[in-house]
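First comes the structure, then the notes that go with it.
Read-outs: derived from the displayed coordinates by stated rules, not from any lab. What you see is a predicted model, and the numbers here were worked out from it, not measured in a lab. Every residue, glycine as well, gets a Cβ built from its backbone with ideal geometry; the counts of neighbours run over all protein chains shown.
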Amino acid sequence: MAAMRPTPMFSKVVIAGVGLIGGSIGLGIRQRFLADRVAGLDPDPEALDSARWIGVIDDTHLEPGEWLREADLVILAAPVRTLTTLAGELRPWLRPDAIVTDVGGVKADLVEAFRDLRFVGGHPMAGSERFGVSNADAALLENAVWVLTPTDHTDQAALKQVEEFVTALGSRPLRVEPGQHDRLVAAVSHVPYLMSLALTQLVAEDSDRDLLMLLAAGGFRDLTRVASGSPRMSRDMVVGNERAVRAALKQLLGHVERLEAQLEDPDSLLEQANRAKRTRDSMPIVRRSLLPQKFEITIAVPDQAGQLSIITQALGAAGVNIKDIEVLGIREAGGAVRLAFDDEMGLRVGIQALKDAGYEVRGKGQ
């Protein structure tokens, strides 16, 4: 029986920079069958080898070349400070109709620099204190807000395709003007990173450092979690958004000074605390996939009635128990289903049973 597979959105997607976010996008593309092929471009051969082994990419490339002419979509996922240079290196090889997007945390200057490309600025509001492709996880993008920063010069057809792509990955696209994006992320991402550095320095430089480290409870650890991320990438992020970060820091310092004054006015401080609690409690909770990763696979399914029944019957006949099942989305030509099993034996037997039933299976090493 021929493998059943939905029509992909793109023939070939290129991920330039196979780190945590680029790797997570690659996993999402392959697991949801959004492209025929996913190619990785990175100067680090070990990162490329790791990305291929865990199923992020199909093909590996250390440098740009003629092979880029096959790309329908190019995702710039390298460090922010390198993106302009990277795009310049790719330009000579890209087809005029190729779509280019990025995942960088600073947008205004980048969007202006790429006006000659079919470029759609993007920034998924997802991340982790862990970094590197070995920590990539498609679930990182699920239900995440993915900011897109079009301008009057943005190709509308390209924008629509990127929005559909982001939605297909399980994220929620949101259009924001580039300069406004930079101002907003300075407040909710870049300044909090600098504050986490300040708080860790407060402990590290104290004469009772060891005792403070022992006393640091969950609240302190939560506040300083982002300090465990990649120092170089985080540095580039805040420096690249210097103007907006300076403005946000000035506002923050004003709030800190007012809080210092309110130490002499308990009622005023309580009012501020209540206001802060209401604001914090009203923030939306982003729910990620809770399916186990170790014994998990994704299969392509056509948009036809009875597919779940066929899948469960095939696994039942093989004596395999399904621990979790999740429909990732059905497009006109089909979609994907994620399955999780109890153990490695169930995973192996399940993969073979589904392949025998004609399904294309994706998972680690597949």
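With contacts taken as Cα pairs under 8 Å at a separation of at least 6 residues, the chain carries a relative contact order of 19 percent. With the cut-off at under 20 Å, measuring from each backbone N in segment 238-268 to a point 7 Å along the Cα-to-Cβ line of D152 picks out no residue. Taking every alpha-carbon pair under 8 Å whose residues sit at least 6 apart, segment 10-177 reaches a relative contact order of 24 percent.
Between helix 242-262 and the chain, what is the angle of the helix's C-alpha long axis to the longest principal axis, kept within 0 to 90° and rounded to the nearest 10? Around 50 degrees separate the two axes. If the chain linking R91 and L184 were pulled fully straight, counting 0.36 nm for each residue of separation and taking away their Cα-Cα distance, it would gain 30.5 nm. Against the chain, whose longest principal axis is taken from its Cα atoms, helix 156-168 shows a tilt of about 80°. Once the Cβ-Cβ distance of D343 and Q313 is raised to the sixth power relative to R0 = 30 Å, the FRET efficiency obtained is 0.90. Its Cα centre serving as origin, the chain has a Cβ charge dipole (Lys and Arg +1, Asp and Glu -1) of approximately 520 debye.
In terms of overall dimensions, the chain has a Cα radius of gyration and Dmax of 23.0, 77 angstrom.
Rounded to the nearest 0.05, the FRET efficiency derived from the C-beta distance between D208 and S282 at R0 = 45 Å is 0.75. The count of lysine pairs in the chain with alpha-carbon distances below 30 Å, taking only pairs 8 or more places apart or on different chains, stands at 14.
Working from Cα pairs under 8 Å separated by at least six residues, relative contact order for segment 181-281 is 38 percent. Spin-label pair E271-R81: with each label point 7 Å from Cα along the Cα-Cβ axis, the two points sit 4.5 nm from one another.
Counting Cα-Cα pairs of segment 10-177 in 10 Å increments starting at 0 gives whole-percent bin shares of 11, 45, 39, 6, 0. Just report the Cα centroid separation between segment 298-324 and segment 45-70, whole Å. Value for the Cα centre distance between the two parts: 32 Å. Length available on full extension from S134 to L215: 0.36 nm per residue minus the Cα-Cα distance, which gives 26.0 nm.
Over the residues of the chain, the helix contribution to mean residue ellipticity at 222 nm works out to -12500 deg cm²/dmol, using -39500 (n - 2.57) for each DSSP H run of at least 4. When M237, M195, M345, M283 are sorted by how many other C-beta atoms sit within 10 angstrom of their C-beta, beginning with the fewest, the order is M283, M345, M195, M237. When the charge dipole of the chain is built from unit charges on Cβ atoms (+1 for Lys and Arg, -1 for Asp and Glu) and taken about the Cα centre, the candidate among V320, S268, A47 whose Cα reaches farthest toward its positive end is V320.
Relative to the longest principal axis of the Cα atoms of the chain, helix 307-317 runs at roughly 80 degrees.
When the Cα positions of P150, H255, A216 are compared along the charge dipole of the chain, P150 comes out farthest toward the positive end, with charges on each C-beta of Lys, Arg, Asp and Glu. Computed from point charges on the beta carbon alone (+1 for Lys and Arg, -1 for Asp and Glu), the dipole magnitude for segment 10-177 about its Cα centre is near 320 Debye.
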